[in-house]
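Computed from the coordinates by the stated procedures, all read-outs in this text should not be read as laboratory data. This structure is a prediction, so every number in the text was calculated from the model and none was measured. Here the Cβ is made from the backbone with ideal geometry for all residues, glycine too, and neighbour counts use every protein chain on show.
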Amino acid sequence: MEKILLVTVKMESEKDNWRIEDMTEELEALAGACAVVIIDSVSCVCHKPTAKFFIGSGKAQELAVLAQEEGVDTVVFGCDLSGTQQRNLEEIIGKKTIDRTQLILDIFARRARSPEGKMQVELAQMQYLMPRLLGYGIVMSRTGGGIGTSGPGEQVLEIDRRRIREKVDRLRKELKDTSRHREVMRKKRKDNALSSVALVGYTSAGKSTLLNALTDAGQAVTGHLFTTLDPLYKKLQLPNGENIVISDTVGFLHNLPHHLVEAFKATLEELTESDLLVHVLDVSHPLVFERNKAVLQVLSEFGAQDKPTVTVLNKIDLVEDKVWLARVESEFPGAVCVSAKLKQNLDVLLVKIQESFTSRMVKAEIIVKSARMDLVDLFYRQGRVEDIQYLQKGIKIELSLPKVLFEKLLHSREIEEVKD
């Protein structure tokens, strides 16, 4: 397995609550999602980035000595490096050097399963690597692979810039075609009056576990970051009988690089198109407030910051300090405390989601023609049938139905409403 040295760098100018220890912990978690062995981890605080090495030349020399002494294969920086900084660091350290974005892209490449997911990863890698090709160092000259080269990255040197631009254009077109397909599927859901809910949250907040608990989706769940890359859609029935579509999305991250967000726009557009967001927060994590801000920042980039949202404080089974739990609850009025793993309070969450869609449902008593059993089947699938009677003049049904669907059927005279 590849031996790596982690380097966490915090700028003095960064005005946030992320301690350098927190940043190191997250970098270690990111590296842990790859098949590597962490030999050592160092950290430093800098006044401002330098043009040559990002860090000071003295610190770069220290890393060179440490890397040689400990026999590491790769040095991973927990910040974004320019192409020049990366090449200079490789020259002085004498080891392959990658930055945080390359590490995240490596994880994405390992996680992508669907054709769309693979296209998005490839597009992100191409956009990242293209401006860095000229004089690229050890990281791209080693065609044997290793961390930072998962996916198509190692092939880039063999493709000239013109062909890379053509490939980027092709990938964008294919993703646009995929986006059109999603639009067709969304239109079909809306025509059937199906409301949609998107699970959002920081990576490892427990979105996939929650989806499994609510729908028996069988979504893969691990302790690693970015387990879910490809979106998954499942049907969910609310307590009042309304059927909705709930989707899982890729997890967010502190300072998630903007071009990664842009590359995954085709997937994340579900955030803006959904009727409701369910924001899942890991209440057991000490940085729950900072992670909340990180998610809100990404949502704002998509114009989804004002979407109707239900906040879920997950992993209450891991919280022993009830004072802490009460403090977090006070910061998120109306939030639902759950344990997706133990399926605690999921009924409360379902009611909360249902309340968000109450205005979309209508209770009515209707009559349909005896031959329209297809409508009866639709009512059972899309609403809640309270009572049904087979009469000589037709089928009399007492039900709750999405208002859009009810009005559509009423307007087309496919149903007749029974008035008191």
> Of GLN382, GLN86, GLN392, which is the most mobile in a GNM of the chain whose springs link Cα atoms less than 10 angstrom apart?
Replying inline: GLN392
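I'd like to know how the chain sits against the 2.2 N^0.38 Å rule of thumb: what's its Cα Rg over that expected value? Intermediate values should be presented prior to the final figure.
Numbers: Rg = 25.7 Å, N = 420, 2.2 N^0.38 = 21.8 Å.
For the chain, the normalised Cα radius of gyration comes out at 1.18.
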> Given the Cα-Cα distance of ARG163 and GLU269 and 0.36 nm per residue of separation, how much length would full extension add, in nm?
Replying inline: 35.3 nm
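Provide the gained length on full extension for the span ALA35 to VAL65, in nm with one decimal, where the gain is 0.36 nm per separating residue minus the Cα-Cα distance. Present the calculation step by step, with values, prior to reporting the outcome.
Details: separation 30, 0.36 × 30 = 10.80 nm, distance 2.45 nm.
Stretched fully, the ALA35-VAL65 segment lengthens by 8.4 nm.
Expected output is a single nm value to one decimal: the length gained when fully extending between GLU25 and LYS396, i.e. 0.36 nm times separation in residues minus the C-alpha distance. What is it?
Working: separation 371, 0.36 × 371 = 133.56 nm, distance 6.19 nm.
Taking GLU25 through LYS396 to full extension adds about 127.4 nm, to one decimal.
Return the FRET efficiency for the residue pair ASN240, GLN389: r is the Cβ-Cβ distance, R0 is 22 Å, and the value is rounded to the nearest 0.05. Each step should come with its number before you reach the end.
Working: r = 21 Å, r/R0 = 0.97.
It comes out at approximately 0.55.
Of LYS15/LYS341; LYS15/LYS118; LYS10/LYS52; LYS234/LYS396; LYS96/LYS176, which ones are farther than 25 Å apart at the Cα?
Numbers: LYS15/LYS341 35 Å; LYS15/LYS118 36 Å; LYS10/LYS52 17 Å; LYS234/LYS396 31 Å; LYS96/LYS176 35 Å.
Pairs exceeding 25 Å: LYS15/LYS341; LYS15/LYS118; LYS234/LYS396; LYS96/LYS176.
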>> What is the angle, in °, between the Cα long axis of helix 288-301 and the longest principal axis of the Cα atoms in the chain? Nearest 10 is fine, range 0 to 90.
In response: 80
> Going by alpha carbons, how many degrees (0 to 90, nearest 10) lie between the helix axis of 100-111 and the longest principal axis of the chain?
Replying inline: 50
> Taking the Cβ of ASP177 as the center, what net charge do the other residues with Cβ under 11 Å away carry, scoring Lys and Arg +1 and Asp and Glu -1?
Replying inline: +3
> Between LYS419 and LYS322, what FRET efficiency follows from the Cβ-Cβ distance if R0 is 41 Å, with the result rounded to 0.05?
Replying inline: 0.15
>> Test of understanding: extend the Cα→C-beta vector of HIS47 to 7 Å, then name every residue of the stretch 2-31 with backbone N under 16 Å from that spot.
In response: 10-14
> In degrees, nearest 10, range 0 to 90: what is the angle between the Cα axis of helix 373-382 and the longest Cα principal axis of the chain?
Replying inline: 50
>> Give me the one-decimal nm value for the distance between modelled label points at LYS188 and GLU301, 7 Å along each residue's Cα-to-Cβ direction.
In response: 3.0
> Rounded to the nearest 0.05, what FRET efficiency is calculated for LYS3 and GLU290 with R0 set to 25 Å and r the Cβ-Cβ distance?
Replying inline: 0.20
